[in-house]
Amino acid sequence: MTHPTIDQRDAWQALARHAREMRTTHLSELFAGASGRHGAFTRRAAGLTLDLSKQRWSDETLDRLLDLAREAEVPEAIRALLAGERVNRSEDRPALHTALRLPAEASLVVEGEDLVPSVHATLDRMATMVERFHAGQWRGATGKAIRDVVNLGVGGSDLGPLMVTHALADYRPRGVHAVDVHFASTMDGSQLADYLARLNPETTLFVLSSKSFTTIDTLSNARTARDWLMARLMGEGGEEGVDAELVMQQHFIGISASPEKMSEWGIAEAHQLEFWEWVGGRYSLWGGIGLPIALAVGMANFRELLAGAHALDSHFREAPLEDNLPVLLALAGIWNVNFLDIRAHSILPYDGRLEYFAAYLEQLEMESNGKSVTHDGQAVGYSTCPVLWGQLGPNAQHAFYQLLHQGTQAVECDFIAPLVRYEDVEDPATRNHLMGQHRLTLANCFAQSRALMLGDEAIEEDGPRPVHKRYRGNQPSSTLLLERLTPATLGALIALYEHKVFVQATIWDVNPFDQWGVELGKKIAGETQRILEHHADITTMDDSTRGLIEAAWAAERGS
Ligand code: F6P
């Protein structure tokens, strides 16, 4: 028997009726109609302040959205997620990224086993590894201390560590042997080729990050890296006594849910870190996959990142729905996508350290909720994840903000900024300049969300504007302020979005923890590669693909 889908329920229907009135209400009217809107729609938790007053909603809208969350059983879903129930139904397993950030003294018994001891055992193994690097004691095959670590991974095995390492670059530990961390993800080898051209094989180590250890992108890069090391460390001119086993032992670390595949590939058991099946790739930066982060910022800061995420997890578990940051952020998105037909969402950090945050969220949100089938296998009759993209806000102002202000698309925006920055720059003159630049950046952040909200009304002018200079405003946005960008607030920020995605998935009744949609392309690519490499029969291919393959063959013959 099929049960009514969410869009057939009373709360959804009531929202649909309410939306008919709200669609014709401009944001400027909402602000003119009520004082204290900022206070009424702002909530705080774990060092984050979320201002939702520039959403195109009223108190009544929020009440009705909270009814929808209750009708979709969001509180029950939060409890089930955090308790380790098998919420990933298509793969029949829990989604326990929150277990990775539980403190050592906590306990989480899932299906008869307390997970916390093994999580902390892995963290302790990471700490031992990091200590060896930072003491200059992790030596390459020729006896020199490792100086460069290249993470080979893609998707969740790249974007999280890359984003956090960049965001926390100021937290590089002092007084330790310096280790530079790099990332190579693309299957075409362009990033890797650049590193191989300039790094010293004697002092370079590769981290193979892959939950499945079958991802062709990562394995291709890994094979190239392995041969590069072997040829240079054991070939002519290489040191005597350096053999393949020693190179594998000293120059590779593996992080995967498949120890067998890591061993088969040649990674020493002592240099393998565990990745549990119950952690999804895009939710994995909190464990072994975070090793590059720990190497870059030190284990103490890595643990602070976990503590910040855990603080947000506790808030998510305990705060009532109406004060719960992930729930509110999720409801704003649902309101825009499903009731105001706003299906584009832009992520705009006003802090250069968050350069990769939008790329990270693109995977987190779209790979999680880019779905069109409910848990029970029914096709959804409503929109799910919007198209989400972003860029550093100040740079985007000189690029795609034109579309936000005057294009034909309605877009929801998330503005993200730290309140305090540069206070610890030593040189007073430079500090003053940089603090001034920070104020300038904040001013732009606040000004842009205001201009998007009010349009022409943001500024008084004499006389009417020509039509090409008009701004309609009414673009909804959320503003997220961090007291400071620290490991802890960054952890909380990431956890906020992880949980937002979960709440939206719960309301849309889709599974945010699988990604079957990426499999077809991988399969077809395998078949295409066989044809391309071995000049196999192409008659089964469609006309366009045949033409493209023939062009590649012709180019190869001519080269
Ligand atoms: O193809 C998509 C995907 O499976 C992502 O979900 C994942 O983060 C990425 O590839 C990398 O996968 P793995 O860590 O198994 O190499």
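Quick note: the coordinates plus some simple rules give every number you see, no bench work behind them. The shown structure was predicted, so the numbers you read here are calculated from the model rather than taken from an experiment. Positions of Cβ are generated from backbone atoms using ideal geometry, with glycine treated the same way; all protein chains shown enter the neighbour counts.
Here is how the numbers come out for the structure above:
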read-out	value
Cα lying deepest toward the dipole's positive end in the chain, options LEU102, HIS405, ALA332, charges on Cβ	HIS405
Shape category assigned to the range 2-96 from the gyration tensor of Cα positions, a/c cut at 1.5	oblate
Farthest toward positive dipole pole in the range 239-286 [+1 Lys/Arg, -1 Asp/Glu at C-beta], among LEU246, SER284, LEU273	SER284
Packing-based exposure ordering (other Cβ within 10 Å, fewest first) of SER28, SER449	SER28, SER449
Förster radius 22 Å - calculated FRET efficiency between THR49 and GLN402, Cβ distance, rounded to 0.05	0.15
Sequence of GLU269, GLU73, GLU355 once ranked by neighbouring C-beta atoms within 10 Å, starting from the fewest	GLU269, GLU73, GLU355
ALA32-ARG172 FRET efficiency (beta carbon distance; Förster radius 45 Å; 0.05 resolution)	0.40
Rounded if a/c under 1.5, otherwise prolate or oblate - the chain, Cα gyration tensor axes	prolate
Entries in LYS261/LYS371; LYS144/LYS261; LYS500/LYS522; LYS54/LYS500 that, when Cα-Cα distance is taken, lie over 21 Å	LYS261/LYS371; LYS144/LYS261; LYS500/LYS522
Difference of contour (0.36 nm per residue) and Cα-Cα distance, TYR422 to ARG546	39.0 nm
Length-normalised contact order for the chain - Cα pairs under 8 Å, 6+ apart - percent	19
Helix-only CD estimate at 222 nm, as mean residue ellipticity for the chain, using -39500 (n - 2.57) per DSSP H run (n ≥ 4)	-14000 deg cm²/dmol
Rounded to 5, percent antiparallel among DSSP beta bridges of the chain	30
ALA106-ALA268 FRET efficiency (beta carbon distance; Förster radius 25 Å; 0.05 resolution)	0.20
Estimated distance in nm for a label pair at ARG79 and GLU131, the labels positioned 7 Å out from Cα along Cα-to-Cβ	4.2
Length added when fully stretched, ILE459-ALA300, from 0.36 nm per residue minus Cα-Cα	52.5 nm
Estimated inter-spin distance, ASP63 and SER314, nm [label 7 Å along Cα→Cβ]	3.3
Segment GLN378-ARG472, extension gain: residue separation times 0.36 nm, minus the distance between their alpha carbons	30.0 nm
Span per principal axis, largest first, for the Cα atoms of the range 1-159 (Å)	72, 45, 32
Nitroxide proxy distance, nm - points 7 Å out along Cα→Cβ at TRP516 and ASP323	4.1
Cα-Cα separations in the range 99-301 greater than 25 Å, expressed as whole percent	33
